[in-house]
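The values are calculated or read from the model by the stated rules, or taken from the named source; none is laboratory data. What you see is a predicted model; the values in this text were computed from it and never measured. Don't worry about glycine lacking a Cβ; one is built from the backbone with ideal geometry, like all the others, and counts go over all protein chains shown.
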Amino acid sequence: MSEVFLEDSLLHAPYGLCATDTYLAIANPKSDTILDLFDYNGKLVKRMIPRGQGVNEGLFISQIQYDRQGNRLYLPDLHKKNLLILHDVTAENPTIRELKLGGVDAEAYKDSVYLNSRWGRLSDGTILATNGSPAGMFAAFSSEGKFLRFYEPFPDKHLVSDQLNDWANSLMYTPLGSFSPEADKAVFVYAEADIMTIFKVDGKDRLKVKSVRKSYPDHMFVLQHTPTVVQAAITDDTHYYSQGVAATDKYIYVLWLDTIYKEVSENHDQTVCIKVFDWDGNLLENITLDTPVKNITVTPDDKVIYALSENGESGYQILKFKRNR
């Protein structure tokens, strides 16, 4: 059974969630500050990071990563294309560092970096980001933001439509990602495709990558704007798979839709289904919640699921589900 952990009056417009060993971190893109930290008694500890375009300010945090070893939060700002690093999270006054990720503006260069919405830092120092250019699904950077290489080719565009060009194909995939608290593993899934990609740190300066690709975008509408500018757009019948993903050191939790976009929209991007996988991508468990939710995070000990829910009567709520393990 779920219980209400936080009411709408405390939440502004919540987006990303991340459970640390000490706090529940919540991204609020429409507030004066864009990061809130609550303790596990539901008490607001602090509101942080002014909303703005200045130094150590932010506009839109697309993901929150907890790094236990460094006691840090990594906060990719999708609009500023920077990675905000919050040091000493449990300190009274945590410090903030802003890191610019390298790479060429990819509007005209298909072999350069076009940062997408999910970034984080692995324990070997690699910063891993989802990439929107045709060069690869992921871009890797050094700890100082220097571009290193691409990982994983995009699926063949002809699997979806012969009308697509390379850019339309690569921008068609909406990524969701999460990093383990020890930061030695990361997982990425997609809204419009049943694809799971797992990264593991395997010794110094080496990453192991495993990708399981089961289904690709379907029922897409292809717009031919000019002879060279093509766009793939979803339709009511486009199949949707994942709504969110959360990682612990032991397990991967995928907030699962498995329905068409029309039903996703009618349900306000919410679902009651969670699939639990091990870090080899094996399905271990199906969880059915008693309330539809649109985003999840899981405490590092795998004991509690915190979830974002929204409805017309109570507005936003953070719900708490205790795991029966």
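Some notes on this structure:
- Selection count where residues are over 21 Å from the mean Cα position of the chain (by Cα) and either assigned by TED's automatic domain parsing to the domain that holds N267 or under 17 Å from N267 (Cα atoms) (or both), scope the stretch 309-325: 5
- Residues in the stretch 177-193 that are among the charged types (D, E, K, R) and under 26 Å from A19 (Cβ atoms): E182, D184, K185.
- Conditions (1) surrounded by 15 or more Cβ atoms within 10 Å (Cβ to Cβ); (2) over 18 Å from the mean Cα position of the chain (by Cα); (3) not basic (K, R); number of the one not met by I252: (2)
- Among the residues making up the stretch 16-30, those that are polar (S, T, N, Q) and crowded, with 16+ Cβ neighbours inside 10 Å are T20, N28.
- Of the residues screened, F179 is one that is crowded, with 23+ Cβ neighbours inside 10 Å and either modelled with pLDDT of 95 or more or in contact with a strand residue (DSSP E or B) (Cβ under 7 Å, 6 or more places away or on another chain) (or both).
- Hits in the stretch 128-173 (condition: of a type in the set (F, W, Y) and closer than 28 Å to R72 by Cα): F138, F141, F147, F150, Y151
- Qualifying residues in the stretch 116-145 (those that are more than 13 Å from the chain's Cα centre (by Cα) and aliphatic (A, V, I, L, M)) - the one surrounded by the fewest Cβ atoms within 10 Å (Cβ to Cβ): A140
- Matching residues in the stretch 273-321 - criterion: being without any contact (Cβ under 8 Å) to a residue 60 or more places away in the chain, farther than 20 Å from Y241 by Cβ and surrounded by fewer than 17 Cβ atoms within 10 Å (Cβ to Cβ): D301, D302, K303, N311, G312, E313
- Boolean, Y316 is over 18 Å from I64 (Cα atoms), modelled with pLDDT under 95, part of a strand (DSSP E or B) and among the hydroxyl-bearing types (S, T, Y): yes
- Check on D194, among the charged types (D, E, K, R), touching a residue at least 24 places away in the same chain (Cβ under 8 Å) and under 25 Å from A232 (Cβ atoms): yes
- Filtered residue count, the stretch 60-80, keeping only those that are of a type in the set (S, T, N, Q) and touching a strand residue (DSSP E or B) at 6+ places or on another chain (Cβ under 7 Å): 3
- Test for A13: is it surrounded by 15 or more Cβ atoms within 10 Å (Cβ to Cβ) and of a type in the set (G, A, S): no
- Remark: pairs (first residue in the stretch 112-129, in a loop (DSSP other than H, G, I, E, B) and β-branched (V, I, T); second residue surrounded by fewer than 23 Cβ atoms within 10 Å (Cβ to Cβ) and at pLDDT below 95; Cβ separation under 7 Å; 6+ apart in sequence or on different chains) = V113/G103; V113/V104; V113/A106; V113/F147; T126/A140; T126/L207.
- Against the list (1) farther than 30 Å from L319 by Cβ; (2) touching a Leu at 6+ places or on another chain (Cβ under 9 Å), the condition L223 fails is (2).
- Filter result (crowded, with 17+ Cβ neighbours inside 10 Å and under 19 Å from the mean Cα position of the chain (by Cα)) within the stretch 255-272: L255, W256, L257, V264, D269, Q270, T271
- Any hit, the stretch 99-120, residues being modelled with pLDDT of 90 or more and out of contact with any Leu (no Cβ under 8 Å at 6 or more places or on another chain): no
- Check on D88, under 21 Å from P300 (Cβ atoms), surrounded by fewer than 14 Cβ atoms within 10 Å (Cβ to Cβ) and of a type outside the set (S, T, N, Q): yes
- Of the strands (runs of 3 or more DSSP E) lying entirely inside the stretch 1-84, the ones with 3 or more residues being free of Cβ contacts under 8 Å to residues at least 60 places away in the same chain are found at 33-38, 44-50, 72-77.
- When D32, D88, D67 are checked against the criterion of being outside the structural domain of S143 (by TED's automatic domain parsing) and closer than 28 Å to S314 by Cα, a single residue qualifies: D32.
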